[in-house]
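Q: Can you keep this structure in mind? I'll have questions shortly.
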Amino acid sequence: MKTTIAFAVFAGFLASALALDAADTHATLPPQPTASSGLRRRAGSSNVSAAGPFVGKLTWYNVGGDACGTKSKGTDMVAALNKPQYGDVDKVSPNCGKCAKIKGDKATIVVRIVDACPECKFGSLDLSKAAFKAVTKADGVANKISWSWVKC
């Protein structure tokens, strides 16, 4: 019985993670960072923290030089990851370059993690202005959003 329930929950999560809502925004992600583009990843680091879904706040910030060693623009679909999930903000996180699917009140989008948000609490993301406007109708803070890790 437990195996059947666990499989059903996993299958439901997998189906929802792969399915895109009709209102999905298909924005272009920045190119996958490489060693030559400045992104450094710790050798032997884990893939990502737990798959999610996570619940937290969405905010936006003026992007620029990123903690992951890349440079982003406000028009890029990028995000800064909260400190508890990013780790040491003075180092490059194993989650740098990973993608997150965010379900907002306006659309569902995918962003690439390029930065750290030291003041953000677990589950929260700080987005580029373009990503924030694409996913929510809110002006400055969107509460109780849901997001999960997805393949870029």
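Q: How many of the residues in segment 122-133 are within 18 Å of residue 55 (Cα to Cα) and not acidic (Asp, Glu)?
A: Counting residues in segment 122-133 that are within 18 Å of residue 55 (Cα to Cα) and not acidic (Asp, Glu) gives 7.
Q: Right, residue 78: in contact with a strand residue (DSSP E or B) (Cβ under 8 Å, 6 or more places away or on another chain) and over 14 Å from residue 127 (Cβ atoms) or not? Working first, answer last.
A: Values: in contact with a strand residue (DSSP E or B) (Cβ under 8 Å, 6 or more places away or on another chain): yes; over 14 Å from residue 127 (Cβ atoms): no.
Answer is no for this residue.
Q: The conditions are (1) touching a residue at least 60 places away in the same chain (Cβ under 8 Å); (2) open to solvent by 10 Å² or more (accessible area, probe 1.4 Å), and residue 65 fails exactly one of them. Which is it?
A: Exception for residue 65: condition (1).
Q: Among the residues of segment 77-91, which ones are assigned to a loop (DSSP other than H, G, I, E, B) and surrounded by fewer than 22 Cβ atoms within 10 Å (Cβ to Cβ)? It would help to see each step written out before you state the result.
A: Taking segment 77-91 first, the residues assigned to a loop (DSSP other than H, G, I, E, B) are 77, 87-91.
Selection gives 87, 88, 89, 90, 91.
Q: Continuing with the same structure: Among the aliphatic types (A, V, I, L, M) and open to solvent by less than 70 Å² (accessible area, probe 1.4 Å), is that true of residue 141?
A: In short, no.
Q: Would you pick out the residues in segment 114-123 that are open to solvent by less than 10 Å² (accessible area, probe 1.4 Å) and either free of Cβ contacts under 8 Å to residues at least 60 places away in the same chain or in contact with a Gly (Cβ under 7 Å, 6 or more places away or on another chain) (or both)? So that I can check it myself, show each step before the final result.
A: Residues of segment 114-123 that are open to solvent by less than 10 Å² (accessible area, probe 1.4 Å), as a first pass: 114, 117, 123.
Of everything in segment 114-123, those that are open to solvent by less than 10 Å² (accessible area, probe 1.4 Å) and either free of Cβ contacts under 8 Å to residues at least 60 places away in the same chain or in contact with a Gly (Cβ under 7 Å, 6 or more places away or on another chain) (or both) turn out to be 117, 123.
Q: Something else: Only one of these conditions is not met by residue 111: (1) modelled with pLDDT under 95; (2) crowded, with 23+ Cβ neighbours inside 10 Å; (3) not small (Gly, Ala, Ser). Which number is it?
A: So the condition that residue 111 fails would be (1).
The values are calculated or read from the model by the stated rules, or taken from the named source; none is laboratory data. Remember, it's a predicted structure, so these values are computed and weren't measured experimentally. In this analysis, Cβ positions are derived from the backbone assuming ideal geometry, glycine residues included, and neighbour counts consider all displayed protein chains. With ligands, DNA and RNA removed, areas are computed over all heavy atoms of the protein, side chains included. Shrake-Rupley method; radii C 1.70, N 1.55, O 1.52, S 1.80 Å.
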